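Engineer: Mind having a look at this structure? Questions to follow.
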Amino acid sequence: MNITEKFGLVLLGVVISVIGYLFKRKIESKPQLETLDKQKKLLDIHKQMNEQGIDINGLKQLEAMITGKSEAILTKNRALQAEASPLIEENESEDFTQLELNNRAAKRLEVAKEKMQRAIAGIDSRVGDFVSQSLMNSQTEWESYSISQAEAASASYQGGSIYPFIYASELESLTNERTARLQAELDELIGRCNYS
């Protein structure tokens with residue numbers, strides 16, 4: 001091995017060492033960059049909170065309001081399901097035709113829709129034109145979604161005598177969920193009006 005080859009190997013070793021060192025530094029600095037980025041975001045949040053006059057207690061109240069609303073929606077949904085008349089009363093025989101069950105499911109759906117309409121009317125009567133229009137737009141979108149969802153849930157029964165039952169039951173469940181959300185919003189509006 002001549003001197004040029006030895007020098008080339010040493011130079012290659014130095015280059016590999018420098019590249020390794022730089023790569024190691026890049027990896028080591030990544031957590032530092034993540035920490036700096038996190039701290040910058042926290043400072044930005046702090047600045048925005050100060051600009052809007054929100055402190056930690058205000059943030060906790062917002063969290064409690066959001067969490068409370070979720071809990072209220074769940075509670076209201078359970079109550080709506082419990083209020084629904086059973087498809088078969090305890091004192092009735094179990095000898096029903098599928099047509100009778102389909103009709104009962106359709107009636108339950110109509111009752112659920114009436115409750116939803118009352119919640120919408122309650123909200124609509126307490127808000128301005130812009131919020132009212134937003135509510136109506138979201139209701140139109142929800143109705144399209146709910147019909148599509150009910151069709152998807154009952155699609156495998158298409159053509160069968162149980163199809164209307166499955167469709168109406170799915171739509172009733174979705175309607176109860178929507179009504180629970182609307183009722184929670186209505187309660188919040190009423191609470192704000194009473195608080196003012």
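Engineer: Contact order normalised by length for segment 51-196, with contacts defined as Cα pairs under 8 Å and 6 or more residues apart; what percent is it?
Structural biologist: 38 percent
Engineer: If you don't mind, there's one more thing I want to ask. For residue 113, go through the aspartates and glutamates and keep the ones whose alpha-carbon is under 19 Å away, minus same-chain ones fewer than eight residues off.
Structural biologist: Straight-distance partners of residue 113: 83, 124, 141, 143, 151, 170, 172, 177, 185, 187.
Engineer: For segment 38-137, just list the percent of Cα-Cα distances falling in each 5 Å bin from zero outward, please.
Structural biologist: 2, 9, 10, 12, 13, 12, 11, 9, 7, 5, 4, 3, 3, 1
Engineer: Shifting gears a bit: Send over the per residue convex hull volume for segment 92-195, Cα only, as a whole number of Å³.
Structural biologist: 100 Å³
Engineer: Grab the eigenvalues of the alpha-carbon gyration tensor for segment 121-161, scale each by 5, take roots, and send me the semi-axes largest first in whole angstrom.
Structural biologist: 33, 9, 5
Engineer: Let me test this: with uniform point scatterers at the alpha carbons of segment 144-196, what is the Debye-based log₁₀ I(q)/I(0) at q = 0.13, 0.24, 0.31 1/Å?
Structural biologist: -0.44, -0.83, -1.07
Rule-based calculations on the coordinates, nothing more; no lab input. All values derive from a computational prediction rather than experimental measurement.
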